[in-house]
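Right, one structure below, let's go through it.
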Amino acid sequence: MSRKRAAPEEDKSKSVKRGSFNPSWQNGLEVSLKDTASHLYSDELVVIIRDKFPKAKHHFLLLPQACIDNLELLDESHVMLLEHMIEKGKDFAKTNIEPKTKNSVRLGFHMVPSMSHLHMHIISQDFDSIYLKNKKHWNSFASPFFRDAESVLEILKKNGKASIDKKKGEELLKQPLRCHVCKELPANIPRLKEHIKRHDKDRS
DNA sequence: GTTCTAGAAC
DNA sequence: GTTCTAGAAC
């Protein structure tokens, strides 16, 4: 028998995709929110879960319980919520991430998120992960595409909103690969991954 | 968000 | 020839 791969299971997905602008993967976080068994922390306002494809040794997502799609929908009334998100995110990092790496943890949002439901990343800066595979992955965490939660909070306080610049986001994802520690410019992803191992050794 | 893979880059 | 990236997925 000469066949390259198993036959594609077309029928299974068609019913979902056809006539729907919101493919199921975009709603993954809504599903996780309802799956209380996956909650590592929860209170009346927020939930913390593991990122399904962690891009570093420690990578979690903190989501509000309320159905807020993205940063664009925040206004003055959400300042306290965002402060709570940051506080609980920091607490979680302090107690759940080993001391060696906890100093380099960042809390923040993607400039243009792929998935529905507002989510704040809690991610260590080693970027040691088999799931970090391409330029988009890298730039979404190591370029200004990653917006620190504290800066977003300041902007929200100042302007009463935290708008999304989609065009700027798309440009940032296409920027050359740049080491987040020493600003070196590795030629490709394998070389970048080899390069950042050095900084990990420097720290330990 | 991921998977898959054509063809660019080496 | 092999490695690597980048765009389609109905």
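The numbered conditions (1) assigned to a loop (DSSP other than H, G, I, E, B); (2) of a type outside the set (D, E, K, R); (3) exposed (fewer than 13 other Cβ atoms within 10 Å of the Cβ); (4) at pLDDT 95 or above are all true for A:Ser77 except (1). Applying a threshold of 6 Å to beta carbon distances and a minimum spacing of six or more residues, or different chains, the list of pairs starting in region A:70-98 at a residue that is without any contact (Cβ under 8 Å) to a residue 12 or more places away in the chain and closer than 20 Å to A:Asn159 by Cβ and ending at one that is outside any helix (DSSP H, G or I) and not polar (S, T, N, Q) is empty. Only one entry in A:Val112, A:Val105 is more than 20 Å from A:Leu156 (Cα to Cα), at pLDDT 95 or above and within 13 Å of the chain's Cα centre (by Cα), namely A:Val105. Close contacts from region A:108-137, counting a first residue that is part of a loop (DSSP other than H, G, I, E, B) and a second that is within 13 Å of DNA strand C (Cβ to nearest atom) and among the aliphatic types (A, V, I, L, M), with Cβ to Cβ under 7 Å and a gap of 6+ residues or different chains, come to A:Lys133/A:Ile189; A:Asn134/A:Ile189.
Applying the criterion of at least 1 residues that are more than 20 Å from A:Val112 (Cβ to Cβ) to the helices (runs of 4 or more DSSP H) found wholly in region A:144-204 leaves A:149-159, A:189-203.
What are the residues in region A:145-192 that are under 20 Å from the mean Cα position of the chain (by Cα), of a type in the set (Lys, Arg) and within 15 Å of DNA strand B (Cβ to nearest atom), if any? Once the filter is applied, which keeps residues that are under 20 Å from the mean Cα position of the chain (by Cα), of a type in the set (Lys, Arg) and within 15 Å of DNA strand B (Cβ to nearest atom), region A:145-192 yields A:Arg147, A:Lys166, A:Lys174. Can you tell me which residue within region A:81-125, out of those that are surrounded by fewer than 19 Cβ atoms within 10 Å (Cβ to Cβ) and touching a Lys or Arg at 6+ places or on another chain (Cβ under 8 Å), is farthest from A:Asn27 (Cα to Cα)? Of everything passing the filter in region A:81-125, A:Lys100 is farthest from A:Asn27 (Cα to Cα). Here is the figure for region A:164-197: residues that are more than 16 Å from DNA strand C (Cβ to nearest atom) and surrounded by fewer than 11 Cβ atoms within 10 Å (Cβ to Cβ) total 1.
Only residues that are in contact (Cβ under 8 Å) with a residue 60 or more places away in the chain and in contact with a Gly (Cβ under 8 Å, 6 or more places away or on another chain) were counted across region A:148-190, and they come to 2.
The values are calculated or read from the model by the stated rules, or taken from the named source; none is laboratory data. Only a predicted model underlies this, so the values are computations on that prediction, with no experimental measurement involved. As a convention, Cβ positions derive from the backbone with ideal geometry for all residues, glycine included, and neighbour counts pool all protein chains shown.
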